[in-house]
Amino acid sequence: MKNLDYDAIVIGAGVCGIYQAYKLQQMGKRFLLLEQGSDVGGTWYWNRYPGCRFDSESETYGYSFSKELLKEWNWTEHFSPREETEKYLQFVVKKFDLRQHMVFDRRLESAIWKPEISGWELTTNEGDTFTTRFLLTAIGLLSSPTLPRYKGVEKFKSLSFHTFNAPREPVDFSGKNVAVIGTGATGVQLISEIANKVGSLTIFQRRPNWCAPLHNSRITSKEMNDIKNRYEEIFSLCGKTPSGFYHDVDPRKTFDVAPEDREAFWEKLYSSPGFGVWLGNFKDMLVNSEANAEFTKFVAQKIRQRVNDPKVAEKLIPKDHGFGTRRVPMETGYYEAFNQDNVKLIDIGENPIEYITETGIQTKDIHYPFDIIIYATGFDAVTGAFDKINIVGENKQTLREKWADGPQTHFGLSVSGFPNMLTLAGPQSGSVATNFPRGIEEAVNWCSQMLEHLFDNNIHYFNPREEAESFWGDQVREMSERILFGKEQSWFTGYNSNVDRNYRHKCLIYAGGQIRFRKFLTEEVSNGYPGFIMR
Ligand code: NAP
């Protein structure tokens, strides 16, 4: 068989692609990594908006695979800001000498399956072409940003940007009249960070989200030393929760607990750092509507206490969904920002945006002039990055065609009809619904083990079976039907009003948790890969 340029090509140099590159280097394979940005980092390279940070406890966000790395790296905040996480990923790449395999400023334009070589032919935006036996996509869940489809977006003459494409140089907000459209996790972080740095801030909100305090703080050197001594315990703990965080559901049910004890428990969760308030709550909070409504009332009260103007508070309290049934934005002073004189909330349900002008935003009632407009309007999530690449599999079918009614995959890691392709952080994967690096290590380890099996046994072709794919589709559906968020409009369920293609209410991720997911993956290996045709 004709020699191909590479054994494997990885697409994307974010958290996932970097680890996959490390694994391929360990295996001694000929591989290349293509990255559309000018450096490593993925999410942490692109999202340069003020306030960007993760909601994972920092020590649970790093890679666990190298004791040396764990010893050398010091986190400085309990919830690390973007800049530090980007530096961390640069540090990892340097330490393991991975840059030699990477080519930057290359966007993959097409990947065509070539049966005659049992491999893929890739073409980039720069016109390079490469052949590879295996194609490994690590292109991110939230890497295809979407602007609103208001008329005139391109007409605004002053500075405007989507948060994903925020300028590389810090923006000077002082004295500026700034608009933010969008109040998801991104908008909430951004608004909290810039509210006291701008002249005026006008927030255009379509639907409010239930937010909760992050309670971030510095990590002292004593704390960091302690963390270093406990890494084994930390990762073991994260491995035992469905979400890959420390936080695990409380085994009690809401109404089995006396009201005053319930209240005390919720007070404690609300004043503790991180996602405990969402993921460490009573076990029925995210699956039972009555239980959910009870906690939702508690959080609504908190918002009313924190926002001075009752009318504004009511606008910030979601009425169309319960707490935690969409992604909970974690905040630092978000609600208090609305008590500032220079901050104004526009409910675009009441006063819709009609179009963007050269100088500002025209709503139904008023024209608002701005110096800066920031679009925190989200992503064509999970499948959007795949749609941008012309991926053509067997029988000349494109991936876009195959996924016309929603993604179909085997474990979210491979797609029938698209041989020799592993979608490391793909739709329907259980790895991506977790504390990302924890799930990603699992997915990359599994895929690497499979690649070793293929290399060792001289297998040049694998293709997941259609039956395996429909089995997985059923699992994904069943899990999303069990939890309340499967019923809500959000990026988890393929909703985005700014794209033509919406997979309304088709869960794009496997919501069964990493423990169940791991069991499926382990069984697949121990049973000799029954879900795949291999030759
Ligand atoms: P998002 O959750 O999809 O939120 C987008 C926001 O823009 C929503 O408020 C949406 O309103 C609004 N919007 C969209 N189109 C609009 C339009 N045409 N007109 C007016 N408003 C519009 O996106 P995101 O905030 O970027 O967050 C995406 C995900 O990124 C998060 O869920 C999270 O997983 C991840 N993230 C993580 C962190 C972190 O780790 N701390 C931080 C930021 C983001 P509707 O709700 O009405 O659609």
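The values are calculated or read from the model by the stated rules, or taken from the named source; none is laboratory data. Owing to the predicted nature of the structure, the values given are computational and were not obtained by experimental measurement. Ideal geometry is used to build each Cβ from the backbone, glycine not excepted, and the neighbour counts take in all protein chains shown.
Just to be sure, is Arg99 touching a Pro at 6+ places or on another chain (Cβ under 6 Å) and either under 18 Å from Ser448 (Cα atoms) or modelled with pLDDT of 95 or more (or both)?
Values: touching a Pro at 6+ places or on another chain (Cβ under 6 Å): no; either under 18 Å from Ser448 (Cα atoms) or modelled with pLDDT of 95 or more (or both): yes.
Spelling it out, it is not the case that Arg99 is touching a Pro at 6+ places or on another chain (Cβ under 6 Å) and either under 18 Å from Ser448 (Cα atoms) or modelled with pLDDT of 95 or more (or both).
Take the residues in the range 76-110 that are in a loop (DSSP other than H, G, I, E, B) and touching a Phe, Trp or Tyr at 6+ places or on another chain (Cβ under 8 Å); name whichever of them is nearest to Leu214 (Cα to Cα). Give the steps one after another, and end with the answer.
Here is the first cut: in the range 76-110, the residues in a loop (DSSP other than H, G, I, E, B) are 76, 78-80, 96-98, 104-107.
Applying the additional criterion that residues be touching a Phe, Trp or Tyr at 6+ places or on another chain (Cβ under 8 Å) yields 79-80, 96, 98.
Details: Phe79: 8, Ser80: 12, Phe96: 33, Leu98: 34 Å.
Checked the range 76-110; the qualifying residue nearest to Leu214 (Cα to Cα) is Phe79.
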message: For the range 356-372, which positions are more than 12 Å from the ligand (Cβ to nearest atom) and out of contact with any Pro (no Cβ under 7 Å at 6 or more places or on another chain)?
response: Thr357, Glu358, Gln362, Asp365, Ile366, His367, Tyr368, Pro369, Phe370, Asp371, Ile372
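From the list Leu69, Leu24, which one is of a type outside the set (Gly, Ala, Ser), on the phi < 0 side of the Ramachandran plot, surrounded by fewer than 18 Cβ atoms within 10 Å (Cβ to Cβ) and in contact with a helix residue (DSSP H, G or I) (Cβ under 8 Å, 6 or more places away or on another chain)?
Values: Leu24 fails: surrounded by fewer than 18 Cβ atoms within 10 Å (Cβ to Cβ).
Among Leu69, Leu24, only Leu69 is of a type outside the set (Gly, Ala, Ser), on the phi < 0 side of the Ramachandran plot, surrounded by fewer than 18 Cβ atoms within 10 Å (Cβ to Cβ) and in contact with a helix residue (DSSP H, G or I) (Cβ under 8 Å, 6 or more places away or on another chain).
If you go through the range 381-395, how many residues are within 16 Å of the ligand (Cβ to nearest atom) and free of Cβ contacts under 8 Å to residues at least 60 places away in the same chain? Don't jump to the end; show me each part of the working.
Keep residues of the range 381-395 that are within 16 Å of the ligand (Cβ to nearest atom), which gives 381-385.
Remaining after also requiring free of Cβ contacts under 8 Å to residues at least 60 places away in the same chain: none.
The total comes to 0.
Would you mention how many residues in the range 76-128 are touching a Ser or Thr at 6+ places or on another chain (Cβ under 7 Å) and either in contact (Cβ under 8 Å) with a residue 24 or more places away in the chain or more than 21 Å from Arg400 (Cβ to Cβ) (or both)?
From the range 76-128, those touching a Ser or Thr at 6+ places or on another chain (Cβ under 7 Å) are 77-80, 84, 104-110, 117, 119-123; that's our starting set.
Restricting the remaining residues to those that are either in contact (Cβ under 8 Å) with a residue 24 or more places away in the chain or more than 21 Å from Arg400 (Cβ to Cβ) (or both) gives 77-80, 84, 104-110, 117, 119-120, 122.
Residues flagged as touching a Ser or Thr at 6+ places or on another chain (Cβ under 7 Å) and either in contact (Cβ under 8 Å) with a residue 24 or more places away in the chain or more than 21 Å from Arg400 (Cβ to Cβ) (or both) within the range 76-128 amount to 16.
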- line: Flagged pairs (Cβ under 6 angstrom, 6 or more apart or on separate chains; first in the range 501-520, free of Cβ contacts under 8 Å to residues at least 24 places away in the same chain; second polar (S, T, N, Q) and not in a loop (DSSP other than H, G, I, E, B)) are His505/Thr493
Some residue of the range 362-372 being within 28 Å of the chain's Cα centre (by Cα) and touching a residue at least 24 places away in the same chain (Cβ under 8 Å): yes
- prompt: Would it be correct to say that Gly175 is within 30 Å of Pro419 (Cβ to Cβ), assigned to a loop (DSSP other than H, G, I, E, B) and more than 10 Å from the ligand (Cβ to nearest atom)?
  reply: no
task: Could you grab the pairs with beta carbons closer than 6 Å, sequence gap of 6+ or different chains, first residue in the range 156-168 and closer than 19 Å to Ile191 by Cα, second one of a type in the set (A, V, I, L, M, F, W, C) and not in a strand (DSSP E or B)?
output: His162/Leu147; Thr163/Ala376; Phe164/Trp46
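Inspect the range 188-201 for any residue being assigned to a loop (DSSP other than H, G, I, E, B), within 11 Å of the ligand (Cβ to nearest atom), charged (D, E, K, R) and closer than 27 Å to Ala313 by Cβ and give the result as yes or no. It would help to see each step written out before you state the result.
Filtering the range 188-201 down to residues assigned to a loop (DSSP other than H, G, I, E, B) leaves 195-199.
Narrowing the set further to residues that are within 11 Å of the ligand (Cβ to nearest atom) leaves none.
No: the range 188-201 contains no residue that is assigned to a loop (DSSP other than H, G, I, E, B), within 11 Å of the ligand (Cβ to nearest atom), charged (D, E, K, R) and closer than 27 Å to Ala313 by Cβ.
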Elements of type strands (runs of 3 or more DSSP E) contained in the range 367-426, each with 2 or more residues being surrounded by 23 or more Cβ atoms within 10 Å (Cβ to Cβ) and modelled with pLDDT of 95 or more: 372-375, 421-423
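Tell me which residues, restricted to the range 467-502, are among the hydroxyl-bearing types (Ser, Thr, Tyr), more than 14 Å from the ligand (Cβ to nearest atom) and in contact with a Gly (Cβ under 8 Å, 6 or more places away or on another chain). Break it down into steps so the answer makes sense when it comes.
Let us first name the residues in the range 467-502 that are among the hydroxyl-bearing types (Ser, Thr, Tyr), namely 470, 480, 490, 493, 495, 497.
Keeping just the survivors that are more than 14 Å from the ligand (Cβ to nearest atom) gives 470, 480.
Of everything in the range 467-502, just one residue is among the hydroxyl-bearing types (Ser, Thr, Tyr), more than 14 Å from the ligand (Cβ to nearest atom) and in contact with a Gly (Cβ under 8 Å, 6 or more places away or on another chain), namely Ser480.
Checking the condition outside the structural domain of His367 (by TED's automatic domain parsing) and buried (at least 18 other Cβ atoms within 10 Å of the Cβ), which residue from Ala166, Ala212, Ala185, Ala195 passes?
Working: Ala212 fails: outside the structural domain of His367 (by TED's automatic domain parsing); Ala185 fails: outside the structural domain of His367 (by TED's automatic domain parsing); Ala195 fails: outside the structural domain of His367 (by TED's automatic domain parsing).
Matching residue, one of Ala166, Ala212, Ala185, Ala195: Ala166.
Name the residue, out of Ala291, Ala300, that is away from the ligand (no atom under 13 Å from the Cβ), surrounded by 20 or more Cβ atoms within 10 Å (Cβ to Cβ), in contact (Cβ under 8 Å) with a residue 12 or more places away in the chain and not in a loop (DSSP other than H, G, I, E, B). I'd like the intermediate steps shown before the answer.
Details: Ala300 fails: surrounded by 20 or more Cβ atoms within 10 Å (Cβ to Cβ).
Criteria check complete, one pass: Ala291.
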